[in-house]
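The values are calculated or read from the model by the stated rules, or taken from the named source; none is laboratory data. Because the structure is predicted, anything quoted here is derived from the model rather than measured. As a convention, Cβ positions derive from the backbone with ideal geometry for all residues, glycine included, and neighbour counts pool all protein chains shown. SASA here: full protein model, heavy atoms, side chains in, ligands and nucleic acids out. Shrake-Rupley method; radii C 1.70, N 1.55, O 1.52, S 1.80 Å.
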Amino acid sequence: MTQGNGTEIRIGVYICHCGVNIAGTIDVKAVAEAAGKLPNVAIARTYKYMCSDPGQELIISDIAEHQLNRIVVAACSPNLHEATFRGAMERAGINPYYFQMVNIREHGSWVHTDPVAATEKAKDQVRAAVARVVHHKPLERKRLAVNQSVLVVGGGIAGITAALDLAKSGKRVYLVEREPSIGGHMAKYDKTFPTLDCAACILTPKMSEVREHPNITLWTYSEVTEVAGHIGKFKVKVRRKPRYIDEELCVGCMDCVSACVFKEPKFEDEFNEGLGKRKPIYMPFPQAVPPVVTIDPETCLKFRTGKCKAPCETVCDRKAVDFNQTERIEEIEVGAVIIATGFKTFDATRLPLYGYGIYPNVYTSLEVERLVNSSGPTGGEIVCRDGRKPKSIGIIHCVGSRDKKTNRWCSRVCCMYSLKLAHLLREHTGADVYQFYIDMRCPGKGYDEFYEKLLDEGIQMIRGRAAEVTDWTMTPEEEGKLVIRVEDTLSAYVRRIPVDMVVLSVGLEPAEGADEIRRMFNISCSKEGFFLEKHPKLAPVETATAGVFIAGCCQGPKDIPDTVAQAGAAAAQAMALLDKGYVEMEPNTAYINADHCSGCKSCIPLCPYHAISFNEATGKAEINEALCSGCGTCVASCPSGSITQNLFEDAQIFSEIDEVLSYV
């Protein structure tokens with residue numbers, strides 16, 4: 001058979017052993033022998049690792065020696081090494097799209113236990129690929145310029161790290177945070193494990209650096225509302241909520257807060273987890289960045305009744321208070337996006353057996369983080385809600401983690417932050433501290449040593465999932481206390497431990513609004529709801545949408561060191577993209593035969609990438625190749641069959657199907 005220019009079609013087929021991953025189940029030599037007898041096949045070989053440099057060189061030398069113009073490789077998933085082999089073909093001087101990859105590992109050796117049947121299936125797959133590749137056409141990638149700005153969504157430690165890394169490299173960064181201040185959860189912590197560093201001492205200098213850096217535009221109290229475009233050129237709309245304070249004029253002197261008609265704080269302080277109070281005009285916390293106050297219209301008398309004389313406005317000599325401020329939309333263009341929206345903690349009221357919301361002296365771990373903090377609602381003094389200083393404290397692990405009734409996944413940080421809180425609570429109160437755990441997971445650097453240190457400090461470890469927390473007493477010693485009932489699996493009997501205070505080590509869940517973010521940026525999420533990386537090992541910060549990267553706990557639970565490392569990796573990926581200056585678009589896009597298009601518009605609402613538009617002048621649909629991701633939805637849905645997709649043309653697909661079914 002010949003191709004369009006009359007040249008004989010000569011196909012090279014290569015079967016990979018992949019060590020014993022493939023060869024342990026499939027008879028690769030038999031597959032190669034069968035492939036060698038197929039029409040147009042000039043040579044068929046096997047090799048231990050086709051993706052290795054010698055493997056690629058083998059293909060390149062065979063192309064030159066045997067005048068090959070089509071290549072089929074039967075190995076692992078195309079997601080892993082399709083680009084590798086196309087690169088080898090380019091180096092050999094032939095079009096990289098005269099290539100077809102067959103997955104005989106994930107679709108063969110890894111899922112079949114019968115070697116004979118698996119080998120026969122591999123032969124069928126290779127035969128189908130050989131028939132398909134005959135119909136391949138030469139294609140070319142297109143280049144698009146990349147905007148030299150990056151959007152970072154989320155102002156926790158991950159977003160801060162990514163923004164600073166990019167800004168220091170000279171890139172323009174827009175950092176968008178929905179809360180009035182950046183800092184995220186880390187701003188609420190007192191100390192970090194296992195080194196017991198002051199969290200504020202680590203974090204606040206970085207927060208200030210963000211505010212001062214000339215390459216960073218910081219928009220707090222803001223949210224992304226709309227995203228369009230593609231890698232290299234995303235068009236983003238950001239909604240900036242009114243805080244009724246002019247950020248350019250406010251210097252954070254707090255005179256307006258002091259002048260508020262509410263002489264005492266009256267409303268729930270969100271930053272202190274509701275353990276403290278704030279006024280309607282407030283600073284989120286003393287080290288907030290930007291150091292700008294915010295007016296809460298839900299509690300401010302000026303907004304609620306209109307009768308307040310607004311002394312906050314009068315006292316501000318910089319005229320920063322602006323009750324007429326309205327929401328506004330900022331529109332920006334960026335070349336890449338880093339999503340670092342963090343996590344939320346498990347709602348402990350979902351497990352009433354532990355008494356949260358029922359017994360006042362049951363706290364979540366995040367509430368205790370605020371209690372032990374010297375800038376917290378009690379100034380670092382540990383007192384229960386009933387005013388008592390606890391003499392005994394129980395910390396229950398895995399609340400909302402590793403539990404079929406709530407969340408099956410391990411939140412990774414609960415064991416370590418429980419140990420940290422045990423140390424701090426004992427240090428602040430001298431109380432007896434009990435840890436109720438399933439098993440201890442301390443795999444990080446210095447983590448196991450920290451666990452040993454806590455054992456030396458006299459923290460009592462009880463292995464067993466706590467059954468319940470109750471105030472039902474059985475002995476005089478339990479009077480006035482909370483009783484934790486647990487099966488101690490080391491001593492094999494049920495115990496009742498009376499304590500003054502219970503701390504629930506709540507797990508980590510996807511952040512509020514994660515689903516909306518996922519839809520807006522067209523990325524996927526795992527079954528747990530965390531954003532899904534492109535590949536768990538080879539592309540842990542990339543997503544299925546080119547140009548969109550993820551960092552931190554929005555991808556899955558992790559501690560601060562891992563979060564910072566991942567944020568740096570995401571920043572490096574974005575940096576590499578911008579430094580290159582252009583992106584090459586894969587040509588597996590759809591195109592419309594205008595002569596056949598009826599202009600029915602049925603394809604337009606079906607395109608998940610908004611790549612199709614209607615040309616009123618011609619009465620035909622048009623596809624923007626830059627936006628098209630080659631999903632094929634429009635091709636399958638077109639009633640007139642006027643849409644075709646490169647690399648998935650009818651002749652290619654039908655020939656493949658014919659050969660797969662040829663034994664029937």
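Looking at the stretch 640-656, can you tell me whether even one residue there is closer than 23 Å to Lys235 by Cβ and exposed (fewer than 15 other Cβ atoms within 10 Å of the Cβ)? No, the conditions are met nowhere in the stretch 640-656.
Consider Gly274 carefully, then state whether it is surrounded by fewer than 21 Cβ atoms within 10 Å (Cβ to Cβ), under 30 Å from the mean Cα position of the chain (by Cα), outside the structural domain of Val383 (by the TED database) and not hydroxyl-bearing (Ser, Thr, Tyr). Yes.
If you check Ala574, Ala565, which single one turns out to be hydrophobic (A, V, I, L, M, F, W, C), outside any loop (DSSP other than H, G, I, E, B) and open to solvent by less than 50 Å² (accessible area, probe 1.4 Å)? If you could, list the steps in order and put the result at the bottom.
Working: Ala565 fails: open to solvent by less than 50 Å² (accessible area, probe 1.4 Å).
After ruling out the rest, the residue left standing is Ala574.
With respect to (1) among the polar types (S, T, N, Q); (2) surrounded by 15 or more Cβ atoms within 10 Å (Cβ to Cβ); (3) within 31 Å of the chain's Cα centre (by Cα); (4) under 30 Å from Val486 (Cβ atoms), the lone exception for Thr294 is condition (4). In the stretch 501-522, the residues that are over 20 Å from Asn407 (Cα atoms) form Cβ pairs under 6 Å with partners that are open to solvent by less than 10 Å² (accessible area, probe 1.4 Å) and in a strand (DSSP E or B), at six or more places apart or across chains, as follows: Met501/Ile393; Val502/Val362; Val502/Gly394; Val502/Val469; Phe521/Val548.
Here is a yes/no grid of residues against (1) part of a strand (DSSP E or B); (2) modelled with pLDDT under 95; (3) not basic (Lys, Arg):
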{"site": "Ala288", "(1), (2), (3)": "no, no, yes"}
{"site": "Val292", "(1), (2), (3)": "no, no, yes"}
{"site": "Lys319", "(1), (2), (3)": "no, yes, no"}
{"site": "Val337", "(1), (2), (3)": "yes, no, yes"}
{"site": "Tyr356", "(1), (2), (3)": "no, no, yes"}
{"site": "Pro360", "(1), (2), (3)": "no, no, yes"}
{"site": "Leu366", "(1), (2), (3)": "no, no, yes"}
{"site": "Arg370", "(1), (2), (3)": "no, no, no"}
{"site": "Gly379", "(1), (2), (3)": "no, yes, yes"}
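Condition (residue is touching a Lys or Arg at 6+ places or on another chain (Cβ under 8 Å) and among the charged types (D, E, K, R)) applied to the stretch 589-611: is it met by at least one residue? Let's see the steps before the verdict.
Of all residues in the stretch 589-611, those touching a Lys or Arg at 6+ places or on another chain (Cβ under 8 Å) come to 592, 594, 597, 599.
Right, trim to among the charged types (D, E, K, R) and you get none.
No, that holds for no residue.
Among the residues of the stretch 577-595, those that are open to solvent by less than 40 Å² (accessible area, probe 1.4 Å), under 26 Å from Cys634 (Cβ atoms) and part of a loop (DSSP other than H, G, I, E, B) comprise Pro587, Thr589. Any residue that is polar (S, T, N, Q), in contact with a Phe, Trp or Tyr (Cβ under 6 Å, 6 or more places away or on another chain) and open to solvent by 40 Å² or more (accessible area, probe 1.4 Å) - is there at least one of those in the stretch 620-637? The answer is yes, given that some residue of the stretch 620-637 is polar (S, T, N, Q), in contact with a Phe, Trp or Tyr (Cβ under 6 Å, 6 or more places away or on another chain) and open to solvent by 40 Å² or more (accessible area, probe 1.4 Å).
Annotation note: Cβ proximity below 7 Å between a residue of the stretch 453-481 that is outside any helix (DSSP H, G or I) and a residue that is among the acidic types (Asp, Glu) and loosely packed, with under 15 Cβ neighbours inside 10 Å (sequence gap 6+ or interchain) occurs for Ile462/Asp488; Arg463/Asp488; Gly464/Asp488; Thr473/Glu479. On the stretch given as the stretch 603-631, residues that are hydrophobic (A, V, I, L, M, F, W, C) and assigned to a strand (DSSP E or B) total 4.
Total residues in the stretch 370-391 satisfying the condition of being open to solvent by less than 10 Å² (accessible area, probe 1.4 Å) and within 18 Å of Ile459 (Cα to Cα): the figure is 3. Pairing residues of the stretch 246-261 that are farther than 24 Å from Arg304 by Cα with residues that are assigned to a loop (DSSP other than H, G, I, E, B), at Cβ distances under 6 Å and at least 6 apart in sequence or on separate chains, gives Leu249/Arg318; Leu249/Ala320; Gly252/Pro291. Taken together, Lys206, Lys233, Lys188, Lys266 contain a single residue that is at pLDDT below 95, open to solvent by 20 Å² or more (accessible area, probe 1.4 Å) and touching a Leu at 6+ places or on another chain (Cβ under 9 Å), which is Lys233.
Filtered by the rule that a residue be open to solvent by 10 Å² or more (accessible area, probe 1.4 Å) and within 15 Å of Gly274 (Cα to Cα), the stretch 350-364 gives Tyr356, Gly357, Pro360, Asn361, Thr364.
When you scan the stretch 400-414, do you find a residue that is crowded, with 22+ Cβ neighbours inside 10 Å, in the same structural domain as Pro360 (by the TED database), more than 30 Å from Glu270 (Cβ to Cβ) and at pLDDT 95 or above, even just one? Checking the stretch 400-414: not a single residue is crowded, with 22+ Cβ neighbours inside 10 Å, in the same structural domain as Pro360 (by the TED database), more than 30 Å from Glu270 (Cβ to Cβ) and at pLDDT 95 or above. Tell me which residues, restricted to the stretch 339-349, are touching an Asp or Glu at 6+ places or on another chain (Cβ under 8 Å) and open to solvent by less than 50 Å² (accessible area, probe 1.4 Å). Phe343, Thr345, Phe346, listed by residue number. Restricting the stretch 120-162 to residues that are outside any loop (DSSP other than H, G, I, E, B) and of a type in the set (Lys, Arg) leaves a set whose member that is least open to solvent (accessible area, probe 1.4 Å) is Arg132.
Return the residue satisfying two criteria in turn: it lies in the stretch 566-617 and is of a type in the set (Ser, Thr, Tyr) and touching a residue at least 12 places away in the same chain (Cβ under 8 Å), and of such residues it is farthest from Ala544 (Cα to Cα).
Filtering the stretch 566-617 for residues of a type in the set (Ser, Thr, Tyr) gives 582, 589, 591, 598, 602, 609, 613.
Cutting the leftovers down to touching a residue at least 12 places away in the same chain (Cβ under 8 Å) gives us 582, 589, 591, 598, 602, 609.
Numbers: Tyr582: 19, Thr589: 16, Tyr591: 22, Ser598: 32, Ser602: 25, Tyr609: 12 Å.
Per the stated criteria, the residue is Ser598.
For the stretch 164-175, a residue qualifies if it is surrounded by 24 or more Cβ atoms within 10 Å (Cβ to Cβ) and touching a residue at least 60 places away in the same chain (Cβ under 8 Å), and exactly one does: Leu166.
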